[in-house]
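> Here you go, one structure.
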Amino acid sequence: MKLWFEALQGRLVKTPYPAHYRLSKTIGVFLGGTFLSAWGIGFIPFDHLPLPGYWIGIIYRSCSGLVWLAAIWYFYPQALVRFKVKLSKKLLIGLLLVLFFTAGSIYHADYAHKSLFDVLVGFLFALGIGIDEDFFSRGLIFASLESFGIQVAAVISALHFGLLHFGNVIWGGQSFSFTSTQVVGAMAFGYLCVGLMLYTKTIWVPVLFHGLSDFPMQLESAASYKKVVTGQAYWFYTFSFAIPYVITGWVLIVLSRGGRFRRFASLGKRFGLNE
């Protein structure tokens, strides 16, 4: 029994896990985490707190993030190294990429009739979304798949992250058409977030990226937001950012594994793109 608990916690270092055990553990964490994300934490009556809605949202997201952090500590403690931040050139490049992908939407956000307090609360709320969802998808889910290969973990965790957004049809009152494009965009977004995490060696860069990406949405009026999410699909717009996200994420993952541009040259040669 003691041996089983040590293996469950991921603390058996000398004896490698059998393949069937790793697969069983991954499936258990994957399904259990998905259930808890979709239904479990939401049953806690945060809405009964005597606080404005935005503070309830921030508290809910923060508590959810702590749950995922505890799960990572228990099941995959080796992944906790990504919760550190180390100043480096790669970190700077990662932050510049975040700025590149978010500056336009932040600049064009609806700041009309918004106080500084509204803007700060909107950012904190969006950052809470990043903490919650990235701790879960890039922290727990990615770690559960990592032993099967980096690209396998990156792709499956990104697909899983995107598919979770189908819940917005049920709980968010969104149209299926709009949500379909949101799911595809979220998959590409999740893949890029994995790339940012691996390249910069910290989960906080994708958390910031997530928060800044969702920030403009927090400043929209309720009527404007409802009109968009209950409307039609925007496939051209979705692919206009999804394709660059996937390409950038792939490059970052390759570089994070010690690759250099000669790997891209050899790939081009394989497909007859260069001599």
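> With springs only between Cα atoms under 10 Å apart, run a GNM on the chain and tell me which of S256, S240, S175 wobbles the most.
Between S256, S240, S175, it is S240 that shows the largest mean-square fluctuation.
> Another question, then. Roughly how big is the chain's charge dipole about its Cα centre, with Cβ charges of +1 (Lys, Arg) and -1 (Asp, Glu), in debye to the nearest 20? Walk me through the intermediate numbers first.
Details: 22 positive and 11 negative charges, 269 e Å.
Magnitude of the dipole: close to 1300 debye.
> Of F135, F123, how do they rank once you tally other Cβ atoms within 10 Å and put the fewest first? Could the numbers behind the result be given before it?
Numbers: F135 24, F123 17.
Fewest-to-most ranking of F135, F123: F123, F135.
> Could you give the dipole magnitude of segment 95-208 about its Cα centre, charging the beta-carbon of Lys and Arg +1 and that of Asp and Glu -1, in debye to the nearest 20? Provide the component values of the computation, followed by the final result.
Numbers: 3 positive and 6 negative charges, 29 e Å.
Rounded to the nearest 20 debye, it is 140 debye.
> Which ³J(HN,Hα) values, rounded to whole Hz and listed in residue order, are derived for segment 76-87 from phi using the Karplus coefficients 6.51, -1.76 and 1.60 in 6.51 cos²θ - 1.76 cosθ + 1.60 with θ = phi - 60°, glycine and proline given as x?
Whole-Hz 3J(HN,Hα) from phi for segment 76-87: 9, x, 5, 6, 5, 4, 6, 8, 8, 10, 10, 5.
> I would also like to ask the following. Residue by residue through segment 31-40, which ³J(HN,Hα) values in whole Hz follow from phi under the Karplus form 6.51 cos²θ - 1.76 cosθ + 1.60 (θ = phi - 60°), with glycine and proline marked x?
So the J values, rounded to whole Hz, are 6, x, x, 5, 4, 5, 5, 7, 10, x.
> Please arrange C193, C63 by how many other C-beta atoms lie within 10 Å of their C-beta, fewest to most. Display every interim value, and only then the final one.
Values: C193 31, C63 14.
Going from sparsest to densest Cβ surroundings: C63, C193.
> If I take all pairs of Cα atoms in segment 23-170, what percentage of them are more than 25 Å from each other?
On the way: 4306 of 10878 pairs.
Cα-Cα pairs of segment 23-170 separated by over 25 Å account for 40 percent.
> Report the residue, chosen from P50, P77, P206, that carries the largest GNM mean-square fluctuation when the chain is represented by alpha-carbon nodes joined by springs under 10 Å.
P50
> Hey, how much of the P(r) for segment 183-227 falls beyond 14 Å, as a percent of Cα pairs?
58
> Report, largest value first, the span of the C-alpha coordinates of the chain along each principal axis, in whole Å.
The principal-axis extents, from largest down, are 59, 59, 38 Å.
> What number of lysine-lysine pairs in the chain show an alpha-carbon separation below 15 angstrom, given a sequence spacing of 8 or more or placement on distinct chains? Walk me through the numbers on the way to the answer.
On the way: K84/K201; K86/K201; K89/K201; K90/K201.
Count of close lysine pairs: 4.
> Give me the distance in nm between label points sitting 7 Å out from Cα along the Cα-to-Cβ direction at F100 and L116, one decimal.
Label at F100, label at L116, 3.3 nm between them.
> Here is a follow-up. Rank the residues D110, D134 as a footprinting-exposure proxy: fewest other Cβ atoms within 10 Å of their Cβ go first.
Values: D110 13, D134 29.
Listed from fewest to most nearby Cβ atoms, that is D110, D134.
> Would you mind giving the three semi-axes, in whole Å and largest first, of the ellipsoid equivalent to segment 118-185 according to its Cα gyration tensor? Working shown, then result.
On the way: eigenvalues 117, 68, 14 Å².
Result for segment 118-185: semi-axes of 24, 18, 8 Å.
> Of V169, S147, G40, which is farthest on the positive side of the dipole of the chain, counting Cα position, with +1 on Lys and Arg Cβ, -1 on Asp and Glu Cβ, and the Cα centre as origin?
The residue sitting farthest along the positive end of the dipole is S147.
> Taking the Cβ of G139 as the center, what net charge do the other residues with Cβ under 15 Å away carry, scoring Lys and Arg +1 and Asp and Glu -1? Could you put the intermediate results ahead of the total?
Details: positive: R61, R82, K84, R138, K201; negative: D132, E133, D134, E146.
Counting the neighbours of G139, the net charge comes to +1.
Computed from the coordinates by the stated procedures, all read-outs in this text should not be read as laboratory data. Predicted, not measured: the structure shown is a model, and the values here were computed from it. In this analysis, Cβ positions are derived from the backbone assuming ideal geometry, glycine residues included, and neighbour counts consider all displayed protein chains.
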